[in-house]
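Student: To start, I am sharing the structure in question, which I have written as structure tokens.
What follows is calculated from the coordinates using simple rules that are stated; it is not laboratory data. Because the structure is a prediction, the values reported are computed rather than measured. Positions of Cβ are backbone-derived with ideal geometry, glycine not excepted, and every protein chain shown enters the neighbour counts.
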Amino acid sequence: MKFFLRKAGHPNPQVQTVPDGPVAEFPITGVGREDGGSYTCDYHSIAEQSRWSYLSDPVEIIVGEPSYPKPSISLSPSWGVSLGGAMAIQCRGQHQGVRFVLNKERCHFPPVDSDGLEAEFPISNVSREDGGSYNCSYHSRSEPFNVSDPSDPVELVVRDPSLSRPSISLSPTGVTAPGADVTIRCEGQRRDVRFFLHKAGDLNPQQHMDPSGAGAEFRIPSVGRQHGGSYSCSYRPRSEPFVSSEPSDPS
């Protein structure tokens with residue numbers, strides 16, 4: 001076979017003849033900006049050069065652009081959303097007039113052009129499928145295959161009101177002396193879940209554990225001033241790691 005590698009926008013393909021076997025390789029060493037783009041390939045028999053294959057599906061080479069600092073990503077509202085609610089994912093970079101791209105495994109989102117430093121990706125009528133880990137990146141509108149490093153990931157956890165709320169309790173109760181040990185216990189009504197302990201003012205759960213039963217204990221040794229505050233807990237089914245119960249009443 002004779003194989004042809006074609007890059008979108010370039011008139012001359014790379015050609016490789018393979019007398020034996022069904023595979024051709026086109027190595028790219030020292031990848032640079034100019035190598036970013038959309039590629040396809042096709043082939044024909046050496047003996048029957050008039051019979052061509054169809055073009056392959058395209059693949060894209062995305063080249064990281066070191067001059068673009070990675071953006072930041074956040075959720076609005078930051079405390080999460082219940083099924084059927086509305087929210088937005090916000091991405092912020094350090095260059096104006098760029099195109100932002102939202103990334104989630106096995107999902108494609110239309111890019112958003114921004115005249116400022118940030119872009120917003122709204123999600124209305126949030127479903128279970130919207131839960132997951134997201135990051136974003138950006139690129140110049142004129143160079144779509146030269147892209148910034150991705151942002152740090154952010155998790156969208158969707159609250160399901162049909163999951164019963166857990167309860168929370170402290171041991172010992174009342175005022176806790178500095179240096180004492182405190183245990184926070186969360187109780188649910190189903191097994192095979194993962195519990196998360198939340199402290200008011202902190203966006204990320206403080207701890208989590210996988211209990212064998214329907215409850216979990218979180219031990220805080222040598223309590224100090226930094227541990228004071230209002231706590232609640234929630235749980236997520238292990239089969240749906242981005243779906244959560246509503247939080248417990250605070251304690």
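Student: Please report, in whole Å, how far the alpha carbons of the stretch 167-244 spread along each principal axis, starting with the longest.
Tutor: 39, 25, 17
Student: Moving to a separate point now. How big is the dipole moment of the stretch 37-131 about its Cα centre under a simple scheme where the beta carbon of each Lys and Arg is +1, that of each Asp and Glu is -1, and everything else is neutral? Debye, nearest 20, please.
Tutor: 220 debye
Student: While we're looking at this one, here's another question. Quick one: check the C-alpha center-to-center distance for the stretch 158-213 versus the stretch 59-118, whole angstrom.
Tutor: 32 Å
Student: Go from 0 up to the bin containing the longest alpha carbon distance in the stretch 2-61, width 10 Å each, and give me the % of pairs per bin.
Tutor: The percentages, shortest bin first, are 21, 53, 22, 4.
Student: About its Cα centre, how strong a charge dipole does the chain have in debye, to the nearest 20, once Lys and Arg get +1 and Asp and Glu get -1 at the Cβ?
Tutor: Roughly 520 debye, rounded to the nearest 20.
Student: Which trypsin sites (Lys or Arg not before Pro) in the stretch 75-183 sit in a loop by DSSP (not H, G, I, E or B) and have at most 14 other Cβ atoms within 10 Å of their own Cβ?
Tutor: Listed in order of number, the matching sites are ARG106, ARG141.
Student: Sort the following peptides by mean Cβ neighbour count (other Cβ atoms within 10 Å, averaged over residues), highest first: 1-8, 144-151.
Tutor: Ranking the peptides 1-8, 144-151 by packing returns 144-151, 1-8.
Student: Select from SER140, PRO211, PRO66 the residue farthest towards the positive end of the dipole of the chain; place +1 on Cβ of Lys and Arg, -1 on Cβ of Asp and Glu, and compute about the Cα centre.
Tutor: Working it through, the farthest residue towards the positive pole turns out to be PRO211.
Student: Mind putting a number on the dipole of the stretch 2-61 about its Cα centre? Charges go on the C-beta only, +1 for Lys and Arg and -1 for Asp and Glu, and I need it in Debye to the nearest 20.
Tutor: It comes to approximately 160 debye.
Student: If you don't mind, there's one more thing I want to ask. R0 = 25 Å: FRET efficiency of GLN94 with ASP35, Cβ-based, nearest 0.05?
Tutor: E(calc), rounded to 0.05, equals 0.50.
Student: Give the share of C-alpha pairs in each 10 angstrom bin for the chain, from 0 to the last occupied bin, in whole percents, shortest bins first.
Tutor: 7, 22, 20, 18, 16, 10, 5, 2, 0
Student: Name the longest site-free stretch of the chain, where the excluded sites are GluC sites (Glu not before Pro) in a DSSP loop with no more than 14 other beta-carbon atoms within 10 Å.
Tutor: 106-251
Student: For labels at SER127 and GLU25 in the simple 7 Å Cα→Cβ model, what's the distance in nm?
Tutor: Going by the 7 Å Cα→Cβ label model, 4.2 nm.
Student: Rg (Å, one decimal) plus Dmax (Å, integer) for the alpha carbons of the stretch 68-175?
Tutor: 17.4, 62
Student: Hey, which lysines would be in cross-link range of LYS70, C-alpha to C-alpha under 28 Å, not counting anything within fewer than 8 residues on its own chain?
Tutor: Result set, ordered by chain and number: LYS7, LYS104.
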